[in-house]
Structure formats: C-alpha cells, structure tokens
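Report on the following structure.
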C-alpha cells in the first residue's frame, strides 16, 4: 500500500504588507484630547489650553479643580475595563477603516470623559465676588460650567507620534 501526501503553502504578500503597514500606523499615530494651544476661550479671550491647565492645577489666586486629571483617570479605567477597543483594533488591522477613524473614536471617549468630569466633579466653589459676577452674566455660578465653553470646546485630534515602538 502506498500513500502519496503533498501540500502547498501560499502567502499573499500584498495582504501581509497591508497588515504590517496598518500595524506600523498604530505605532506612528496617536490621539490627543482636551484643549489645544491657539484655540481661544471666547468668554475670556485667553488661550483655552492655558486656561484649562490653570483651572486644573490652580495657582495662588485660583483653587485647583483637577477636571483634566479626573478625566485622564476615567479614560484609563475605561480602556482597562472595556474590551470593545481591542475588537476595534483587530478590525482595523484586518482592513476595516483608517487609522484616523479608529483613533478619532478613541478620542471621542476622551472628550466624553472630560465633559463628564466637568459635570460630576466636586469642585471648590467660586469666591463670593466671582460667584456674583458669574450669576449676573450666566444665571449660574457653578465652577467650570458658567459659560459652557470649556464643556463645548473639548476636542480630539489624531497626530503623528514622536515615539516609535520597535
């Protein structure tokens, strides 16, 4: 009795190259969320990135209201707990969507948590004279939300990363 066994292996180098390029793009792009230099807070005329940092960390005249730190913690927890982003990354690697589309989705998660931290944080009240001014102008004086501008101005952007992982 004789058995003849044979096998053939083929590889689609085009598809493999596409997969590797997508994998490389995960290492050469990143999403940033929050407030960006050059954007102006219309109510105050200040650079909104500077204003957000000042409000987050405080200074000698302004108590710290660490809403960006809280949002960062919330984003970290989200990605530790949620498994959805792993599926989305795998789908991207398999050819669904672009790197910008994928990372923009992740940026929207960050935007949402910045807004949530503004809404839910237990922030130090405004001083009395500032409360009065804010109330007269906006009919409310809650810290960080009087004009709604910080809430509405948070955004994200996809950029080329300076760090390349090997």
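The values are calculated or read from the model by the stated rules, or taken from the named source; none is laboratory data. Everything numeric in this text was worked out from a predicted model, so none of it was measured. Cβ sites come from the backbone with ideal geometry, for glycine too, and all protein chains shown count toward neighbours.
Some points to look at:
- Within the range 35-50, if we keep just the residues that are farther than 16 Å from residue 114 by Cβ and part of a loop (DSSP other than H, G, I, E, B), the residue that is nearest to the chain's Cα centre (by Cα) turns out to be 37.
- Residue 134 being over 18 Å from residue 51 (Cα atoms), modelled with pLDDT under 90 and out of contact with any strand residue (DSSP E or B) (no Cβ under 6 Å at 6 or more places or on another chain): no
- Single residue of 156, 117 found to be buried (at least 17 other Cβ atoms within 10 Å of the Cβ) and more than 21 Å from residue 29 (Cβ to Cβ): 117
- Scanning the range 110-139 for residues that are in contact (Cβ under 8 Å) with a residue 12 or more places away in the chain, closer than 28 Å to residue 161 by Cα and out of contact with any helix residue (DSSP H, G or I) (no Cβ under 6 Å at 6 or more places or on another chain) turns up 111, 116.
- Scanning the range 127-154 for residues that are more than 23 Å from residue 39 (Cβ to Cβ) and in a loop (DSSP other than H, G, I, E, B) yields 127, 139, 140, 141.
- Take the conditions (1) more than 26 Å from residue 25 (Cα to Cα); (2) part of a helix (DSSP H, G or I); (3) touching a helix residue (DSSP H, G or I) at 6+ places or on another chain (Cβ under 9 Å); residue 102 misses just one of them, which is (1).
- Pick from the range 38-48, criterion in contact (Cβ under 8 Å) with a residue 12 or more places away in the chain and buried (at least 16 other Cβ atoms within 10 Å of the Cβ), ranking: farthest from residue 133 (Cα to Cα): 48
- Restricting the range 51-96 to residues that are over 30 Å from residue 148 (Cα atoms) and more than 19 Å from the chain's Cα centre (by Cα), the residue that is surrounded by the most Cβ atoms within 10 Å (Cβ to Cβ): 93
- Here residue 106 meets each of (1) buried (at least 16 other Cβ atoms within 10 Å of the Cβ); (2) at pLDDT 95 or above; (3) within 26 Å of residue 58 (Cα to Cα) with one exception, condition (3).
- Qualifying residue in the range 17-37 (condition: touching a strand residue (DSSP E or B) at 6+ places or on another chain (Cβ under 9 Å) and without any contact (Cβ under 8 Å) to a residue 40 or more places away in the chain): yes
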